[in-house]
């Protein structure tokens with residue numbers, strides 16, 4: 001079956017543009033229709049997927065520009081937690097995509113609304129996080145969940161993160177990693193100047209409200225995009241977004257593999273697990289029963 005597949009390449013990386021051209025040729029040679037980025041807006045409803053050549057930032061921008069379309073990311077960045085495919089594996093990934101030999105992971109997004117006096121201002125939606133960030137001085141952020149006051153957090157601001165975004169700013173600020181399948185949003189104070197700074201995880205159905213309670217400068221930032229000024233008594237309302245982030249996953253890489261490898265999340269990098277277990281792709285990992293492991 002012929003597929004129509006968009007191609008989005010990082011403008012700042014000539015090697016990404018070069019590979020994008022090669023991918024277009026490969027798709028054509030294999031009976032599929034490549035769609036260049038300049039034509040994507042006219043054909044969004046007819047696209048089967050988009051191949052993104054860049055880093056996680058470009059993946060998020062592509063998801064915002066072309067909502068609900070499955071994205072396959074080829075990593076030209078540093079971490080590559082969303083752009084999972086390494087450059088050397090692009091042909092295998094394309095073959096899997098065109099033969100429907102992949103897993104589609106759908107993640108919830110965040111919708112942000114700024115309430116100022118009697119007006120509501122739609123701020124768009126985020127894949128990773130919605131952040132209130134202070135300037136040079138400490139800000140006081142009040143937190144409400146479903147209308148109930150939780151606490152006031154003096155510090156550098158507050159993060160509301162999706163499960164997908166929990167390995168980004170959320171993790172860096174000391175928040176929890178929400179593992180694959182968790183249906184919740186992490187709420188993480190940033191450098192909170194108070195002993196009461198434990199991160200929370202709220203249900204995806206919750207209405208989360210952040211109120212700037214003092215006069216110091218602050219900004220509202222969605223997925224690192226251009227910030228919006230937040231003033232005293234402004235309310236940032238965060239709810240589950242109407243769009244989903246749809247990630248194409250090929251091969252045997254799992255969420256837990258990615259956490260270990262991308263973030264060096266191992267005490268002993270050469271450790272072999274003592275328990276013999278089956279990987280989702282069918283591979284058996286771990287030492288054999290009866291083998292003696294190192295200590």
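FYI, it's all coordinate maths here, none of it is from the lab. These numbers come from a predicted model, not from an experiment. Here the Cβ is made from the backbone with ideal geometry for all residues, glycine too, and neighbour counts use every protein chain on show.
Here are the numbers:
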| quantity | calculated |
| --- | --- |
| Projected label distance in nm at residue 262 and residue 117, using a 7 Å step from Cα toward the beta-carbon | 4.3 nm |
| Angle between the chain longest axis and helix 56-65 axis [Cα atoms, degrees, rounded to 10] | 80 degrees |
| Order by protection proxy (mean Cβ within 10 Å, highest first), peptides 9-21, 150-162, 167-179 | 150-162, 167-179, 9-21 |
| Simple spin-label estimate for residue 242 and residue 65 in nanometres, 7 Å along Cα-Cβ | 2.2 nm |
| Residues residue 91 and residue 11, FRET efficiency given R0 of 30 Å [Cβ-Cβ distance, rounded to 0.05] | 0.80 |
| Ranked by how many other beta carbons lie within 10 Å on average, peptides 180-192, 107-119, 72-84 from highest | 72-84, 180-192, 107-119 |
| Estimated FRET transfer efficiency when R0 is 35 angstrom, pair residue 148-residue 106 (beta carbons, to 0.05) | 0.75 |
| Radius ratio Rg over Rh of the chain, counting only Cα atoms, Kirkwood formula for Rh | 1.02 |
| By average C-beta atoms within 10 angstrom, highest first, the peptides 137-145, 46-54 | 46-54, 137-145 |
| Computed label-point distance, nm, for sites residue 28 and residue 172 using a 7 Å Cα→Cβ extension | 4.0 nm |
